[in-house]
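Here is the structure we will look at.
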Amino acid sequence: MTDSSDRELRHDELRDGIAGLGEHSIRKSYYPELQQRIAELERYRVLFDQSSDMILLLAVPSGHILECNESACRDLGYSRDSLAALTIFSLMPPSAAEHAVRLFAEAQESVLKKETFVTTFATAGSGNLPIELSLKTVELDQSLFAVADARNIEERVQAENALRASEERYRTLFEDSRDAIYMSLPNGDFIDINQAGIELLGYGSKNEIMQLNMERDIYADPTARRQAIQRLMNDGYLKDHEVQLRRNNGDYIDVLLTSNAMHDEQGCIVGYRGIMHDITGRKKLEQQLLHAQKMEAIGRLTAGIAHDFNNILTAILGYATILELKMTGEGPMKQYVRNIVASSERAATLIKRLLSFSRQRPLFRTSLDANSIVRATGELIAEIIGEDIALEILPAAQPIIINADKSQVEQMLMNLVMNARDAMPQGGILRLKCEPYLLGDDFIQQHGYGKPGEYALLSVSDTGTGMDREVLRKLFEPFFTTKEVGKGTGLGLSIVYGIMKQHDGFINVESSPGAGSTFRLYLPAFRLDDDPATRQASPE
């Protein structure tokens with residue numbers, strides 16, 4: 001290689017030779033070898049200027065721009081003379097300039113270099129143009145140069161930014177959606193799920209769900225997923241398909257599933273994406289409405305039958321009583337009459353229960369302390385539940401005033417207590433509890449019913465045999481019983497249900513086989529000073 005001054009002179013001659021034939025004729029007297037170079041360059045001039053990439057010829061190591069093509073002038077907004085006064089380092093950000101300086105230094109010390117990286121060039125309009133820059137060092141006539149091939153990637157960057165923004169918007173919609181959104185592989189393994197899906201299924205984090213399989217761990221019935229996929233294949237999509245899923249705690253929820261398939265470039269299915277809309281609350285409301293309508297219809301029918309039967313029974317009981325009074329002495333006939341009277345009285349009691357279930361009996365409401373009813377019921381049943389059953393009475397720490405029919409509330413508790421006793425043939429614990437309860441929106445959302453406010457919560461719980469889901473579903477239907485024939489009328493819990501409705505209250509049950517049962521009665525409560533008319537009412 002020549003010294004630096006001679007190298008700079010050669011750079012000037014090469015640039016002038018490329019610039020035009022008129023000028024190069026003057027220079028060729030100093031460097032005859034340029035004539036051949038220029039002739040060769042003329043053949044590439046058209047290709048050089050027609051290239052869509054920006055091409056710069058650079059001095060090494062100074063980085064001065066010796067030559068540029070039309071694309072460089074057009075994209076950067078400089079004239080050729082303006083670019084000739086610059087170095088490539090002045091066009092680049094500091095980090096990229098340092099990289100180019102290091103590359104030129106290494107090329108001087110060892111072998112020629114070539115590298116490609118993404119950076120920006122400063123334009124004449126003070127903007128920054130994103131480029132993909134390829135720097136290659138070359139040696140010509142024992143002089144070191146560099147060729148910079150810069151591709152304008154502004155459109156590509158804009159497209160990438162638009163794609164990134166679109167993905168960000170999708171991710172925002174995905175994560176902020178109130179419905180559960182998921183993606184899964186064909187075998188049911190999860191690919192992704194949003195926060196609403198994590199909460200819907202009752203897990204603590206996405207990582208937990210990523211270890212699960214939809215068919216094996218999420219669907220209540222594994223065959224239901226295969227049926228849903230078959231329907232999707234037949235129709236091309238799946239919309240509002242009702243399925244039942246299993247939450248982390250074992251509870252079942254009802255959801256509407258909308259789903260479609262994801263395909264690769266060959267059209268093969270690589271997964272499924274879908275939206276799950278929770279309709280558990282709506283299903284509960286529908287079931288409650290159907291149950292209420294059924295109970296109302298049965299109540300009306302029962303009331304009509306009970307009234308007619310009561311009239312007949314009154315006549316039977318009256319004549320039997322008269323017959324008993326007219327008979328003198330003791331004998332088999334008189335005993336028969338007494339049996340008729342006793343059976344008629346039992347039938348009359350059953351009629352009263354039917355009328356109570358059908359809400360035909362009037363309420364006699366007074367202001368009561370719910371604690372007093374719990375204590376009185378506890379004292380009454382203490383002697384009849386059996387020695388093998390431990391009784392726990394847990395009144396609230398302060399009075400809880402309700403406006404209720406005392407006899408009917410006591411009847412409810414007695415019915416529940418007797419059922420609890422029968423559910424513990426081998427003994428256990430029977431707990432009767434009273435406590436204040438503030439019913440809020442979370443309760444309504446969970447159970448699908450209720451009215452916000454203060455309530456007296458009466459609960460009867462046992463450690464007995466418990467009930468399965470099928471029994472719980474029919475629990476309050478009239479004449480439904482799990483007891484042996486002759487040991488139950490099936491009206492006890494129906495009467496409890498009817499009394500709670502009359503008192504504008506709510507009832508729910510928690511039970512599972514082998515784990516006992518808990519009945520919770522929510523009766524509206526109020527403070528004595530809320531209503532002056534109740535201040536003198538007896539708490540009993």
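On the given criteria, is E168 loosely packed, with under 14 Cβ neighbours inside 10 Å and at negative phi? Here the answer is yes, as E168 does meet what is asked. Residues that are polar (S, T, N, Q), touching a residue at least 12 places away in the same chain (Cβ under 8 Å) and more than 30 Å from K283 (Cβ to Cβ) do not occur anywhere in the range 414-423.
Inclusion of A146 among residues that are surrounded by 17 or more Cβ atoms within 10 Å (Cβ to Cβ), over 24 Å from R74 (Cα atoms) and in the same structural domain as I65 (by TED's automatic domain parsing) is not warranted. Can you confirm whether I26 is aliphatic (A, V, I, L, M), at pLDDT below 90 and either in a loop (DSSP other than H, G, I, E, B) or within 18 Å of V147 (Cβ to Cβ) (or both)? Considered against the rule, which asks whether it is aliphatic (A, V, I, L, M), at pLDDT below 90 and either in a loop (DSSP other than H, G, I, E, B) or within 18 Å of V147 (Cβ to Cβ) (or both), I26 comes out as no.
Scanning the range 377-409 for residues that are touching a residue at least 12 places away in the same chain (Cβ under 8 Å), touching a strand residue (DSSP E or B) at 6+ places or on another chain (Cβ under 8 Å) and either assigned to a strand (DSSP E or B) or of a type in the set (G, A, S) (or both) yields a total of 13. Looking across the range 138-151, the residues that are in contact (Cβ under 8 Å) with a residue 40 or more places away in the chain and in contact with a strand residue (DSSP E or B) (Cβ under 6 Å, 6 or more places away or on another chain) come down to F145, A146, V147, A148, D149, A150, R151.
The values are calculated or read from the model by the stated rules, or taken from the named source; none is laboratory data. On a predicted model such as this, the values are computed, not experimentally measured, just so you know. Please note: Cβ atoms are built from the backbone with ideal geometry, for glycine as well, and neighbour counts cover all protein chains shown.
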